[in-house]
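The structure appears right after this line, and notes come after that.
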Amino acid sequence: QVQLVESGGGLVQAGGSLRLSCAASRSIFSSNTMGWYRQAPGKQREPVASMTSTGSTNYADFVNGRFTISRVSARNTVFLQMNSLKPEDTAVYYCHGSWFDGDYWGQGTQVTVSS
């Protein structure tokens, strides 16, 4: 069993920045992928960014260069740096990890962007 614990969400003005953190109880170096998803009320959960264990990254089109996923493997921690935030970025952001034995999700952290 893997525990993923997110932190860093909060309220920010449009144009501002937040950095989300995801601490994993299992080595992220042994993961297939780590990533971030988000879900706004009444909408489906959608992928935001992901990173493979070798460091390859992938971003959703709506990110448009504003977000960066990174990691500190020695701390089993994945980050999502979010800049130039927009009100439409308001959602619950979930950490996700894929290992040999399946997929795991964090509890989510609320990000609210005011206009």
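Looking at the chain, the pairs of alpha carbons with a distance over 25 Å make up 16% of the total.
For the range 4-45, the set of chymotrypsin sites (Phe, Trp or Tyr not before Pro) satisfying both a DSSP loop assignment and a count of at most 14 other C-beta atoms within 10 Å is given as PHE29.
Extension gain for SER70-ASN32 works out to 12.2 nm (0.36 nm per residue, less the C-alpha to C-alpha distance). Compute the accessible area per residue over the range 1-69, keeping the other protein chains in place, probe 1.4 Å, unit Å². Accessible area per residue, the range 1-69: 55 Å². Among residues other than SER21 with Cβ under 13 Å from its Cβ, the summed charge is +2 (Lys and Arg +1, Asp and Glu -1). Compactness of the range 67-115 is given as radius of gyration and Dmax, 13.0, 42 Å, from Cα positions. In a reduced charge model with +1 at each Lys and Arg Cβ and -1 at each Asp and Glu Cβ, the chain shows a dipole moment near 200 debye about its Cα centre. Can you compute the label reach from THR57? Point 7 Å from Cα along the Cβ direction, backbone N cut-off under 14 Å, restricted to the range 1-26. Backbone N within reach: 19-20. Here the accessible area is traced with a 1.4 Å probe on the protein chains. For the chain, carbon and sulfur cover 47 percent of it.
Using the empirical formula 2.2 N^0.38 Å as the baseline, the Cα radius of gyration of the range 1-49 reaches a ratio of 1.37.
The values are calculated or read from the model by the stated rules, or taken from the named source; none is laboratory data. Keep in mind that what you see is a predicted model, and the values were worked out from it rather than measured. Positions of Cβ are backbone-derived with ideal geometry, glycine not excepted, and every protein chain shown enters the neighbour counts. For the accessible areas, the whole protein counts, side chains as well, though only heavy atoms, and no ligand, DNA or RNA atoms are used. Shrake-Rupley method; radii C 1.70, N 1.55, O 1.52, S 1.80 Å.
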